[in-house]
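The values are calculated or read from the model by the stated rules, or taken from the named source; none is laboratory data. Fair warning: this is a prediction, and the values are worked out from it, not measured in the lab. In this analysis, Cβ positions are derived from the backbone assuming ideal geometry, glycine residues included, and neighbour counts consider all displayed protein chains. The area values use the complete protein model at the heavy-atom level, side chains included, leaving out ligands, DNA and RNA. Shrake-Rupley method; radii C 1.70, N 1.55, O 1.52, S 1.80 Å.
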Amino acid sequence: MTTALVLAAAVLWTGATLPRRRSVEPVDASLAGRLVLLGLRAGLSAHGALAEASRLAPPSTAKAIRSAAHLAAVDGFDAAADRVDDLRPILRVIARAVDVGAPVTAELAAHLGDVAREDHQRRLARAKSLPVRLAIPLTLLVLPGVVLLTVGPSLLGSLTDLADPGSLLP
């Protein structure tokens with residue numbers, strides 16, 4: 001019972017969660033951006049790159065890209081960015097580049113690089129905090145066993161000698 005409580009406390013303390021099945025696949029905006037960038041680097045227009053990216057992406061991401069491509073073709077990239085939440089940052093970069101006449105490829109590559117760096121920094125910070133988060137479970141689960149294995153035999157011998165006072169006499 002005590003072990004179960006300690007394990008539950010360790011799980012709550014570290015913030016660990018059980019994997020959950022999602023009914024809807026999330027949209028991978030990073031993948032969408034990389035696919036669009038690949039199309040742009042291949043010489044496609046921004047609209048063509050969106051269309052090609054929707055063909056290559058996984059189903060949930062492809063649906064968002066198709067929606068963005070349709071809205072961008074009909075109303076422009078600004079309107080698409082306003083209506084497609086999952087791809088808003090990417091569409092804003094494309095819209096800004098198209099509006100000012102900047103190379104879309106360079107702008108999108110810079111944006112994706114910034115996003116990758118931020119993600120790396122976030123993961124690195126989480127990894128650096130891992131020893132601190134694991135200190136409590138380590139203390140509660142491992143340390144008692146080590147203490148019992150190192151101190152237990154000598155303590156048991158001392159208690160046996162104290163229980164039988166005749167064994168202490170020469």
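For region 83-96, 3J(HN,Hα) computed residue by residue from phi via the Karplus equation (6.51, -1.76, 1.60; θ = phi - 60°) reads 9, 9, 4, 5, 10, 3, x, 5, 5, 5, 5, 5, 4, 5 Hz, glycine and proline entered as x. With 0.36 nm allotted per residue and the present C-alpha distance subtracted, the S60-E118 stretch has 18.5 nm of extension available.
3J(HN,Hα) along region 122-129, derived from phi through the Karplus expression 6.51 cos²θ - 1.76 cosθ + 1.60 where θ = phi - 60°, amounts to 5, 5, 5, 5, 5, 5, 5, 7 Hz, with x in place of Gly and Pro. Once the Cα-Cα distance is subtracted from the 0.36 nm per residue extended length, the L31 to A135 segment shows a gain of 33.9 nm. Averaged over its residues, region 57-170 has an accessible area of 67 Å² per residue, based on protein heavy atoms and a 1.4 Å probe. Taking the charge dipole of region 70-146 about its Cα centre, with +1 at Lys and Arg Cβ atoms and -1 at Asp and Glu Cβ atoms, the residue from L141, S129, H70 reaching farthest to the positive side is L141. Coupling constants for region 99-104 follow from the phi torsions by the Karplus curve (6.51 cos²θ - 1.76 cosθ + 1.60, θ = phi - 60°), and in residue order they are 5, 9, x, 7, x, 5 Hz; glycine and proline get x.
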